[in-house]
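Take a look at the structure set out below.
The values are calculated or read from the model by the stated rules, or taken from the named source; none is laboratory data. None of these values were measured; they are calculated from a predicted model. Cβ sites come from the backbone with ideal geometry, for glycine too, and all protein chains shown count toward neighbours.
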Amino acid sequence: MGLRIKKGDTAMVITGKNKGKSGRVLSVSVAKESLLIEGINIVKKHMKPNKKFAQGGIIEKEAPVKISNVMLLCPKCSKPTRIGATALDTGKKARVCKKCKEVID
């Protein structure tokens with residue numbers, strides 16, 4: 001089964017220390033069933049100086065969140081919602097908001 005949240009969607013965390021916060025999905029890992037959300041689950045990482053980080057030190061970055069702890073925010077009704085699938089007239093499958101029944105791009 002494919003994941004119903006994609007890169008670029010807006011998602012809201014529904015459990016854990018970041019409950020109620022939302023942000024844009026930066027990346028999705030299908031194998032680990034997790035995703036990175038902009039500004040959510042920030043952790044501190046100790047980095048040695050290297051080419052990318054010449055100074056080194058303590059860097060704050062996003063850590064992955066399990067996909068089961070996240071719900072998609074519908075762009076039309078702006079509420080966290082479950083996602084359904086439907087077939088369009090053209091024959092393609094599309095994601096549908098379960099609350100407002102609108103097609104999500």
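For the reader, a short list of remarks on this structure follows.
- Among the residues here, Leu3 does not qualify as touching a helix residue (DSSP H, G or I) at 6+ places or on another chain (Cβ under 8 Å) and outside any loop (DSSP other than H, G, I, E, B).
- Tabulated pairs, the range 92-105, first free of Cβ contacts under 8 Å to residues at least 12 places away in the same chain, second in a loop (DSSP other than H, G, I, E, B), C-beta under 8 angstrom, 6+ apart or interchain: Ala94/Leu88
- Any chance Ile83 is in contact (Cβ under 8 Å) with a residue 24 or more places away in the chain, outside the structural domain of Thr10 (by TED's automatic domain parsing) and under 17 Å from Leu3 (Cα atoms): yes
- Checking the stated criteria, Leu35 turns out to be modelled with pLDDT of 90 or more, on the phi < 0 side of the Ramachandran plot, outside any loop (DSSP other than H, G, I, E, B) and touching a helix residue (DSSP H, G or I) at 6+ places or on another chain (Cβ under 7 Å).
- Pick from the range 58-83, criterion of a type in the set (A, V, I, L, M) and assigned to a strand (DSSP E or B), ranking: surrounded by the fewest Cβ atoms within 10 Å (Cβ to Cβ): Ile58
- Scope the range 87-105; condition loosely packed, with under 11 Cβ neighbours inside 10 Å and part of a strand (DSSP E or B); matching residues: Ala87, Lys93
- The set of residues in the range 38-57 that are farther than 15 Å from Met12 by Cβ, assigned to a loop (DSSP other than H, G, I, E, B) and of a type in the set (A, V, I, L, M) contains only Ala54.
- Test: residue in the range 65-74 that is in contact with a strand residue (DSSP E or B) (Cβ under 7 Å, 6 or more places away or on another chain) and either over 21 Å from Lys17 (Cβ atoms) or aromatic (Phe, Trp, Tyr) (or both): yes
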